[in-house]
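Data block below; observations after.
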Amino acid sequence: MAPSDDPRDAPQDDPQPDATGQDRSAPGGWRRLAEALRPRLSRSQLLAGVLCAAVGFALVVQVQQSASDQLSSARQEDLVRLLDEVTQRADRLDDEVARLEATRDELASGTGQAQAALELARERAQSEGILSGRLPAEGPGVEISILDPDGRLAAAQLFNVLEELRNAGAEAIELNGVRLVTSSWFVDRDGVIVVDDQELSSPYRWTAIGDPATISPALEIPGGAFATVRNKGARVTLLSQDLVQVTAVRAPEEPEFARPQEPRE
Amino acid sequence: MIAVVGLVIGVVAGLVLQPTVPVGLQPYLPIAVVAALDALFGGLRALLDGLFDDKVFLVSFLSNVVVAAFIVFLGDQLGVGSQLSTAVVVVLGIRIFSNAAAIRRHLFKA
């Protein structure tokens, strides 16, 4: 048999022939190839041509087949396995979707509650910040100025004014740049009126936020705050405004003894 | 030369006609192509050895293709089709390599 398809009969005879043999066959190989390539109408040439055409045809067809669709050339068991894998993967992904959606819902409701709590806390912080003097405030109110060029007023009269303002519902009060809070105090020191450790001098300018229609009659009550001040010889003017600003602030002091009470059940 | 022309004609015909492979033949065509390539290389080597014989070439070509396809068919019937086609491709690949090595030695002496 000729060695066209048997690898065992030929390779042994020419892996390393001697030098002369190599020299002899060196042009021989190329010459044989060129000879075979020369177009002749022999039977073997035609046969080789036909078979080569068949191989080329089949090769191209197969390449296009496998390039066009990977699945159509797959075996049945491969397809079944593939389908199985895809189904399992889809199931796993479905599970994951359900889990993640549950987590998302949980988080969404959680942030909703936290958001509401935060809003509430913020509002409360604002209103309490105004009442405690921690925040500047504005709103309808009155501006009062008390002129006492001779220094006849004492701390008690100014304290009267403050008490009257509080009774009339003033929510934020400022006196000569000092924010008056629940712990504010007045005292006479060497003929000077001192409020919260700050010395005051005439004119005493008050700004109070509250209902002007309540505050101004409350101050003007006969025998009340303004009457006492006028009795001492000072002059008082009161101006009702739609918008006054209390800009002075006071940092609240940390309570030294009192602690928040534990909420009871 | 006619062989080269034939190869070109086959490739062009495949590109132009774009035939669909029948479903029954689909598992066997790739194996048959590899077997035919092996036969082509064997024929080229025989040519360089000076032993080329057209009858042997034809018979080896056809038997290669038929046997390869038959082995795969048998494997499919036995339920080991994919493993057997892998085995056939490996064996044919080894033969193509050794034939190509022999051709290389003939042409380049290396």
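The values are calculated or read from the model by the stated rules, or taken from the named source; none is laboratory data. Quick caveat, the model's predicted, so the values are computed rather than measured. All Cβ positions, even for glycine, are placed from backbone atoms using ideal geometry, and neighbour counts span all protein chains on display. With ligands, DNA and RNA removed, areas are computed over all heavy atoms of the protein, side chains included. Shrake-Rupley method; radii C 1.70, N 1.55, O 1.52, S 1.80 Å.
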TODO: Can you check what the Kirkwood hydrodynamic radius comes to for chain A, Cα pairs only, in Å to one decimal?
DONE: 29.5 Å
Task: Debye equation applied to the C-alpha atoms of the stretch A:186-265, log10 I(q)/I(0) at 0.16 Å⁻¹ - done: -0.89
Open item on the list: Need one number: convex hull volume per residue for the stretch A:71-131, Cα atoms only, in Å³.
Closed with: 69 Å³
- [ ] Hey, could you get me the Stokes-Einstein D for the stretch B:22-108, Kirkwood radius over alpha-carbon pairs, 20 °C and 1.002 mPa s, rounded to whole µm² s⁻¹?
- [x] 158 µm²/s
TODO: Mind pulling the angle between the C-alpha long axis of helix B:81-108 and the longest principal axis of chain B? Nearest 10 degrees, somewhere in 0 to 90.
DONE: 10 degrees
Open item on the list: Give me the net charge for the shell around residue A:165: Cβ to Cβ below 15 angstrom, other residues only, Lys and Arg +1, Asp and Glu -1.
Closed with: -4
Task: Spin-label pair residue A:107/residue B:87, simplified geometry with 7 Å Cα→Cβ offset, distance in nm - done: 5.5 nm
- [ ] Would you tally the net charge around residue A:84, using a Cβ to Cβ cut-off of less than 13 Å, leaving residue A:84 out, and scoring K and R as +1, D and E as -1?
- [x] -1
Task: Residue among A:89, A:43, A:122 with the largest mean-square fluctuation in a Gaussian network model of chain A, springs linking Cα atoms under 10 Å - done: A:43
TODO: Compute the accessible area per residue over chain A, keeping the other protein chains in place, probe 1.4 Å, unit Å².
DONE: 66 Å²
Open item on the list: I'd like the accessible area for residue A:202, computed on protein heavy atoms only with a 1.4 Å probe and all protein chains in place. Round to 10 Å², please.
Closed with: 40 Å²
Task: Sulfur and carbon atoms: percent of accessible area, the stretch A:99-151 [1.4 Å] - done: 57 percent
Task: For peptides B:75-81, B:48-54, sequence by mean Cβ density within 10 Å, most packed first - done: B:48-54, B:75-81
Task: Simple label model, 7 Å out from Cα along Cβ direction - residue B:109 to residue A:220, nm - done: 13.1 nm
- [ ] For chain B, find the longest principal axis of its Cα atoms and tell me its angle to the long axis of helix B:54-78, 0 to 90°, nearest 10.
- [x] 30 degrees
Open item on the list: I need the calculated FRET efficiency for the pair residue A:42 and residue A:78, taking r as the beta carbon distance and R₀ as 51 Å, to the nearest 0.05.
Closed with: 0.65
TODO: Using only Cα atoms, find the angle between the long axis of helix A:155-167 and the longest principal axis of chain A, and express it within 0 to 90 degrees, rounded to the nearest 10.
DONE: 60 degrees
Task: Ordering of B:88-100, B:29-41 by burial proxy (mean other Cβ atoms within 10 Å per residue, highest first) - done: B:29-41, B:88-100
Task: Dipole magnitude of the stretch A:136-246 about its Cα centre (Cβ charges: Lys, Arg +1; Asp, Glu -1), debye to nearest 20 - done: 300 debye
TODO: Sort largest first and round to whole Å: the equivalent ellipsoid semi-axes of the stretch A:103-261, each the square root of five times a Cα gyration tensor eigenvalue.
DONE: 38, 18, 12
